[in-house]
Amino acid sequence: MSLPRLYSAPPSPFARKVRIAALEAGRELELVEVSTSPVAPDREVVRANPLGKIPALHLPGGEVLYDSAVICRYLGEGTPLYPQGPALWRALRREALANGLMDAAVLARYETTLRPEPLRWPEWVQGQMQKIHCALAAMVDDAPNADALDIGDVATGCALGYLDLRYSHLDWRADFPTLARFAEAVAMRPAFLSTAPG
Ligand SMILES: N[C@@H](CCC(=O)N[C@@H](CS)C(=O)NCC(=O)O)C(=O)O
């Protein structure tokens, strides 16, 4: 039987979240690696997801799922990634927080790498960096747990990993040692190790 095909790219923190959720849930995927951006969208990705964004998941029956939160739930529903009862809402809120951090970080990266230099807007980048800082502070209050992962923990680990990949100059570990300990613990899990961007 054919596998669901995931459009992804190694540096994408959203695609990594899906890959980790799949591994943690014991679901197999076929990876289709693409390169896409708002100014150079991949045509196959746009056919799959009208927003032109990855991740998108092509199901064997022909249907396509996006965005990462929908795909993760499709893959992980019924596993500890999505706890029962009130804990579910906390897990989903923490996923949303980490997704928001990743959105801010990806958008600020587009602004500083894709946008032509004379058109760049430093205050806007500052605004995104402020969102990242506020999200990190909220993650501490909403403590992640590397021993019993839910989707909020997976997303938090991916958000922190993306900061290390693209914002290595940000010394977030100094300000948020609890998150540093979480990042270190979660990075040792096979699903995180095997999806770490090179
Ligand atoms: N809300 C989306 C965000 C996905 C996203 O921003 N993906 C980036 C790569 S990390 C992308 O495909 N960007 C291309 C574009 O914005 O056109 C999700 O959770 O899947």
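In the set ARG5, ARG16, ARG47, ARG94, only one residue is closer than 29 Å to ALA108 by Cα, more than 13 Å from the ligand (Cβ to nearest atom) and open to solvent by less than 30 Å² (accessible area, probe 1.4 Å); that residue is ARG94. Across segment 136-191, the qualifying residues are those that are within 19 Å of ALA22 (Cα to Cα), in a helix (DSSP H, G or I) and of a type outside the set (A, V, I, L, M), and the one among them that is nearest to the chain's Cα centre (by Cα) is CYS158. From the list THR112, THR79, the lone residue that is open to solvent by 20 Å² or more (accessible area, probe 1.4 Å), part of a loop (DSSP other than H, G, I, E, B) and not charged (D, E, K, R) is THR79. Limited to segment 19-31, what total is found for residues that are open to solvent by 20 Å² or more (accessible area, probe 1.4 Å) and either at pLDDT below 95 or in a helix (DSSP H, G or I) (or both)? The total comes to 4. In this structure, is ARG173 open to solvent by 70 Å² or more (accessible area, probe 1.4 Å) and under 26 Å from LEU57 (Cβ atoms)? No. If you go through segment 51-76 and pick out every residue that is over 11 Å from TYR7 (Cβ atoms), within 11 Å of the ligand (Cβ to nearest atom) and open to solvent by 50 Å² or more (accessible area, probe 1.4 Å), you end up with 3. Since GLY198 meets every condition but one in (1) in contact (Cβ under 8 Å) with a residue 60 or more places away in the chain; (2) open to solvent by less than 80 Å² (accessible area, probe 1.4 Å); (3) not polar (S, T, N, Q), which condition does it not meet? Against the list (1) in contact (Cβ under 8 Å) with a residue 60 or more places away in the chain; (2) open to solvent by less than 80 Å² (accessible area, probe 1.4 Å); (3) not polar (S, T, N, Q), GLY198 comes up short only on (2).
Scanning segment 134-170 for residues that are open to solvent by less than 10 Å² (accessible area, probe 1.4 Å) and farther than 18 Å from VAL106 by Cα turns up MET139, ILE151, GLY152, ASP153. Looking at this structure, is VAL34 surrounded by 13 or more Cβ atoms within 10 Å (Cβ to Cβ), free of Cβ contacts under 8 Å to residues at least 24 places away in the same chain and not assigned by TED's automatic domain parsing to the domain that holds ASP141? Taking the combined requirement at face value, the residue does not satisfy it. Among the residues of segment 22-44, those identified as small (Gly, Ala, Ser) and within 12 Å of the ligand (Cβ to nearest atom) are SER35, SER37, ALA40.
The values are calculated or read from the model by the stated rules, or taken from the named source; none is laboratory data. Keep in mind it's a predicted model, so treat the numbers as computed, not measured. When we count neighbours, we look across all protein chains shown, and the Cβ atoms used for this are built from the backbone with ideal geometry, even at glycine. Just so you know, the surface numbers come from the protein's heavy atoms only, side chains and all, with ligands and any DNA or RNA stripped out. Shrake-Rupley method; radii C 1.70, N 1.55, O 1.52, S 1.80 Å.
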